[in-house]
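> Structure incoming, see below.
Read-outs: derived from the displayed coordinates by stated rules, not from any lab. Since the structure is predicted, the reported quantities are computational estimates derived from the model, not experimental observations. Note: ideal-geometry Cβ built from the backbone for every residue, glycine included; neighbour counts use all protein chains shown.
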Amino acid sequence: MRLPNYNEAKDRNKVDITYLNVNNDIDAIYTNKKYFLRTYGCQMNVHDSEQIRFYLEKLGMNSTDTLEDADVVVLNTCAIRENAHDKVIGYLGRCKHLKKEKKDLIIVVMGCMAGQVDVVEDLQKNHKYIDLIIGTNNIYDLPRLLIEKGSKQNIEVYSNSDIVPENITYERDSKISAWVNIMYGCDKFCTYCIVPFTRGRERSRKMECILEECKSLVASGYQEITLLGQNVNAYGTDLNLGYDFADLLEKVAELGIPRLRFVTSHPWNFTDKMIEVIAKYENIMPYIHLPLQSGSSRILKKMNRRYTKEEYQELFDKMKKTIPNAVITTDIIVGFPGETEEDFQDTLDMVEYCKYDGAFTFIYSERKGTASSFMKDDVSNEEKESRLKRLNELVNKYSKESNVKLLDKVVPVLVIGPSIKDENKVYGYTDTMKLVNIEGDESLIGKIIDVKITDAKSFSLDGVVNN
Ligand code: 5AD
Ligand code: SF4
């Protein structure tokens with residue numbers, strides 16, 4: 001039993017990292033059983049679920065999409081905003097109900113909620129039917145804890161890990177596009193954000209291990225690799241081995257993967273060297289997600305974002321100049337404590353300035369334990385809703401404009417799978433990460449093809465194969 005602890009989570013004293021070779025020899029003791037895995041939140045969680053799926057299958061289980069058929073239910077949770085939390089709690093209600101009829105049902109809670117002190121206290125007190133709670137830093141403990149499971153709720157959460165697990169095996173969802181973790185945790189401590197608490201300190205994987213994983217993906221025929229980290233720009237800083245993210249990006253690009261991407265980049269330490277590497281390699285996709293959060297320098301300071309509105313503009317201009325075909329998207333929060341109408345106008349001005357190709361917009365959500373949770377949340381709900389609506393109108397205008405520019409153009413698209421809505425179509429992504437629905441059959445899946453864009457909507461494009 002090890003409970004999450006925010007003092008440990010906040011501790012950034014440098015201790016030596018242990019590179020742990022995780023054990024993938026797992027006894028198949030759960031044969032004839034079914035698991036149900038549900039994932040909430042970001043790409044990091046989606047990728048973690050590929051590791052979780054590997055363990056569940058190694059234990060001998062088959063997957064089911066029907067909760068009621070499951071013997072083991074795993075919820076890989078998200079803590080970023082209140083609504084993510086509420087969704088999980090709602091789903092746990094269904095699990096509790098099911099467990100009343102199915103006494104042997106095993107319920108496991110993983111992901112970022114497991115790292116929240118107040119949440120785990122609540123799960124301990126009010127959700128005793130949950131069997132296991134496992135943190136994001138020790139996912140590799142899942143098979144052991146399932147094998148050793150007793151009758152009481154067990155909690156195993158390492159809030160600030162000094163471990164970098166290597167040797168991880170994944171049951172990847174896709175044979176076309178793969179996620180590769182390059183680092184874990186985050187040291188930025190943006191004041192609104194729970195991630196530095198739930199995922200601990202920044203720890204980079206060694207370059208040779210990452211390259212080995214990428215090499216084997218190339219050899220297996222993958223078309224796309226996305227390098228993953230909470231803030232990939234910080235890659236290597238903790239290692240002190242003389243290489244940084246730009247070096248890593250270059251080395252992976254040279255392995256010859258047709259498409260290389262990365263998420264997410266903090267604007268604060270996005271170096272000129274990184275911009276030059278992106279511009280230099282054709283297989284590094286001209287797509288950058290560059291979270292703004294606010295256009296007001298005053299609010300950015302309160303958010304501890306480490307850049308001003310002017311510095312962000314300068315970086316943005318440099319990217320557009322050096323990578324002429326770059327598509328830039330962003331994240332924006334409205335209603336941060338103390339945000340005035342004038343601050344919000346600054347955010348709208350920045351959207352006008354950058355004319356983002358796309359943006360994810362959020363209403364500020366107080367996360368217990370973060371620095372901003374001690375600030376007065378003084379923007380009314382009506383005001384927050386109204387700002388979000390006004391922001392979305394502007395954001396949607398520019399994302400539609402960005403899509404309309406592609407009308408009648410021929411663009412390269414990596415086809416990912418069959419369209420969910422139309423059986424005569426498949427879908428894929430442009431190099432600039434725009435979703436395209438294409439007339440065609442499954443023989444196109446896994447290929448990068450030229451597509452002529454025939455229709456442009458706010459959030460997707462339609463196209464036909466250009467022969
Ligand atoms: N409230 C609202 N949005 C948040 N984000 C992170 N924390 C919060 C919060 N407490 C948003 C940021 C981040 C994205 C992943 O989620 O915009 O970039
Ligand atoms: Fe959260 Fe900021 Fe770290 Fe992103 S960079 S995970 S917003 S603390």
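> Please work out the Cα center distance from region 189-238 to region 1-25, rounded to the nearest Å.
Taking the Cα centre of each part, region 189-238 and region 1-25 sit 17 Å apart.
> Assign unit charges at the C-beta atoms only (+1 for Lys and Arg, -1 for Asp and Glu), then state the dipole size of the chain relative to its Cα centre in Debye, rounded to the nearest 20.
Numbers: 63 positive and 72 negative charges, 126 e Å.
The calculated dipole for the chain is roughly 600 debye.
> By count of other Cβ within 10 Å, fewest leading, how are 6, 312 ordered?
6, 312
> Quick one: order 438, 147, 416 by neighbouring beta-carbon count within 10 Å, fewest to most.
147, 416, 438
> Spit out the partnerless Cys residues in the chain, using Cβ distances under 4.7 Å as the pairing rule.
Flagged as lacking a Cys partner: 42, 78, 95, 112, 186, 209, 214, 354.
> Between region 401-461 and region 375-394, what's the alpha-carbon centroid distance in Å?
34
> Follow-up. Looking at 74, 466, 429, which one has the Cα that reaches farthest to the positive end of the dipole of the chain (charges on Cβ: Lys, Arg +1; Asp, Glu -1)?
In the chain, that residue is 74.
> Sticking with this one: Once the dipole of the chain is set up with Lys and Arg at +1 and Asp and Glu at -1 on Cβ about the Cα centre, which of 340, 194, 350 lies farthest towards its positive end?
Checked the options; the winner is 194.
> Moving on. Taking a threshold of 29 Å on the Cα-Cα distance, which of the pairs 421/447; 125/389; 318/447; 58/99 fall above it?
Pairs exceeding 29 Å: 125/389; 318/447.
> Would you list which lysines come within 16 Å of residue 368, measuring only between C-alpha atoms, while excluding same-chain residues fewer than 8 positions from it?
10, 376
> Here is a further query. Highest first, please rank the peptides 314-320, 281-287 by the mean number of other Cβ atoms sitting within 10 Å of their residues.
Answer by packing, highest mean first, reads 281-287, 314-320.
> Among 296, 443, 458, what is the fewest-to-most ranking by other Cβ atoms within 10 Å?
Ordered from fewest to most neighbouring Cβ atoms within 10 Å, 296, 443, 458 come out as 443, 458, 296.
> Given H placed 1.01 Å from N in the peptide plane, which residues other than close sequence neighbours of residue 166 have an amide H under 5 Å from its amide H?
20, 21, 22
> Let me make sure I get this right: for the chain, a, b and c are the square roots of the gyration tensor eigenvalues over alpha carbons, sorted descending. Under 1.5 in a/c it's rounded, otherwise prolate if a/b > b/c, else oblate. Which is it?
Here the chain falls in the rounded category.
> List the chymotrypsin sites (Phe, Trp or Tyr not before Pro) within region 320-416 that DSSP assigns to loop and that have no more than 14 neighbouring Cβ atoms inside 10 Å. Could the numbers behind the result be given before it?
Values: sites: 344, 353, 356, 360, 362, 364, 374, 398; in loops: 356, 364.
Here no loop site has a sparse enough neighbourhood.
> Give the shape of region 1-91 as rounded, prolate or oblate, defined through the alpha-carbon gyration tensor: a ≥ b ≥ c are the square roots of its eigenvalues, a/c under 1.5 means rounded, and otherwise the shape is prolate if a/b is larger than b/c and oblate if not.
Details: a/c = 2.41, a/b = 1.27, b/c = 1.90.
Cα axes put region 1-91 in the oblate bin.
> Need the list of lysines near residue 100 for cross-linking: C-alpha distance under 17 angstrom, and skip anything on the same chain fewer than eight residues off.
Excluding near neighbours in sequence, the set is 128, 152.
> Right, something else. Is the C-alpha gyration tensor of region 269-322 telling us rounded, prolate or oblate? Criteria: a/c under 1.5 is rounded; beyond that, a/b larger than b/c is prolate, otherwise oblate.
Because a/c hits 1.5 or more and a/b exceeds b/c, region 269-322 counts as prolate.
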